[in-house]
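The values are calculated or read from the model by the stated rules, or taken from the named source; none is laboratory data. Please read all numbers here as calculations on a predicted model, not as lab measurements. Don't worry about glycine lacking a Cβ; one is built from the backbone with ideal geometry, like all the others, and counts go over all protein chains shown.
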């Protein structure tokens, strides 16, 4: 049996490291103070505002953070790795390197690989490749149905035993009500969550958001109703079964309202969104910009504002990159037939920090969406600065201004609509199990 955490491993002991003069940020405890943090091997040994007042520990590497922010390592709960099956678009190694550059210490892979993750063999393959890569931690979902065909449930128990942290059919909505009912009931036995792609397939056959912009461009539209119809149906089934349900990529005010109501009723429902849904609207499509084609589509300005508000008030529990790498042949096509999706590992943190810089959320609240939120939803270890916890850390400059340049991304694919987009917040170091996997000032780091 493999571990549920397909951990990066190192051939060398990371030793003892003292981080001094850091702004310690821990959403789990509410900590926001200047202080120090000490790691011993793979674990956090101690931390606090007065940690090194009596002197620095001997035989330790000293990292002077010079006032930079030190937070738990980011957890990205929605990533498409493309390996196995489409390694020309992305590999576990290239995605892991991109994640490290983005301050992400753990990422969770969607199961829509080739072959899909509907049996133990593919999970074992991912675990082995993550160990060989020796960068960030890689977790994976199992599929809800065999072959993503929406009919026969997979072996939830066996897949859970071998490391699956949740179940989803990825970009394919579970449209059959009876299948969803059975999945919610069956998953209860194993304490697992069912993650839904919220688009009614019968209504989601268009290319972009339905409305004036789609009409002007002559493109078939996808109505906002496609999302809320699916969410409301699933919430009824959730009430019937008592399972755990998560809505991925919430984009509409109507769906948010339905989720808010379900939470007030005490149902076990959570949701996430991606940065492009609160930073861009349908106008980003411009003159058929296929790099702005995503699934679900970018919505109108009122829905974008609703997503931003739901992040501010806590309705949305997590922010995920929705990293969807595609090569030029898949994206530089007429808009209607181009593949949906953008790369997002390296832009996740700075785009999310716009919520803080624009006064829409506190810094700890933003970080909670990227750390404790996904950790709690999926039952992962990590996401907090706790003595004895894994030393997964992100050091970043909160106010550093820069412009996103997809050509400089570590990802194999460069499909991003954020070229030259101004942001604030730059990762300066990424630590996994006490081991530095990214330091822009040390070109020897891997």
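What are the residues in region 277-290 that are touching a helix residue (DSSP H, G or I) at 6+ places or on another chain (Cβ under 6 Å) and more than 24 Å from residue 312 (Cβ to Cβ), if any? Let's see the steps before the verdict.
We begin by selecting, within region 277-290, every residue touching a helix residue (DSSP H, G or I) at 6+ places or on another chain (Cβ under 6 Å); these are 277-279, 281-282, 284-285, 288, 290.
Result: 285, 288, 290.
Please note which strands (runs of 3 or more DSSP E) are completely contained in region 375-446 and include at least 2 residues that are touching a strand residue (DSSP E or B) at 6+ places or on another chain (Cβ under 8 Å) and over 27 Å from residue 141 (Cα atoms). Outline the logic, then answer.
On the way: elements: 393-403, 422-432, 435-438.
Passing ranges, in order: 393-403, 422-432.
Just to check your reading of the model, which residue among 317, 399, 365, 313 is in the same structural domain as residue 433 (by TED's automatic domain parsing) and under 29 Å from residue 28 (Cα atoms)?
Numbers: 317 fails: in the same structural domain as residue 433 (by TED's automatic domain parsing); 365 fails: in the same structural domain as residue 433 (by TED's automatic domain parsing); 313 fails: in the same structural domain as residue 433 (by TED's automatic domain parsing).
Exactly one residue qualifies, and that residue is 399.
Quick check, is residue 49 over 16 Å from the mean Cα position of the chain (by Cα), surrounded by 15 or more Cβ atoms within 10 Å (Cβ to Cβ) and at negative phi? Give the steps one after another, and end with the answer.
On the way: over 16 Å from the mean Cα position of the chain (by Cα): yes; surrounded by 15 or more Cβ atoms within 10 Å (Cβ to Cβ): no; at negative phi: yes.
Here the answer is no, as residue 49 does not meet what is asked.
Anything in region 318-340 that is touching a residue at least 40 places away in the same chain (Cβ under 8 Å) and part of a helix (DSSP H, G or I)? List them, or say none. Don't jump to the end; show me each part of the working.
Going residue by residue through region 318-340, those that are touching a residue at least 40 places away in the same chain (Cβ under 8 Å) are 318-327, 330-336, 338-340.
330, 331, 335, 336 - these are the residues of region 318-340 that are touching a residue at least 40 places away in the same chain (Cβ under 8 Å) and part of a helix (DSSP H, G or I).
Just to be sure I understand, how many residues within region 308-328 are farther than 30 Å from residue 365 by Cβ and modelled with pLDDT of 95 or more? Lay out the reasoning, then the answer.
Within region 308-328, the first condition is being farther than 30 Å from residue 365 by Cβ, and the residues that meet it are 326-328.
Remaining after also requiring modelled with pLDDT of 95 or more: 326-327.
The total comes to 2.
Considering only residues of region 341-359 that are out of contact with any helix residue (DSSP H, G or I) (no Cβ under 8 Å at 6 or more places or on another chain) and without any contact (Cβ under 8 Å) to a residue 60 or more places away in the chain, which is farthest from residue 410 (Cα to Cα)?
Here is the first cut: in region 341-359, the ones out of contact with any helix residue (DSSP H, G or I) (no Cβ under 8 Å at 6 or more places or on another chain) are 341, 350, 357-359.
Add one more test, that the residue is without any contact (Cβ under 8 Å) to a residue 60 or more places away in the chain, and what stays is 358-359.
Values: 358: 28, 359: 30 Å.
Only one residue tops the list, namely 359.
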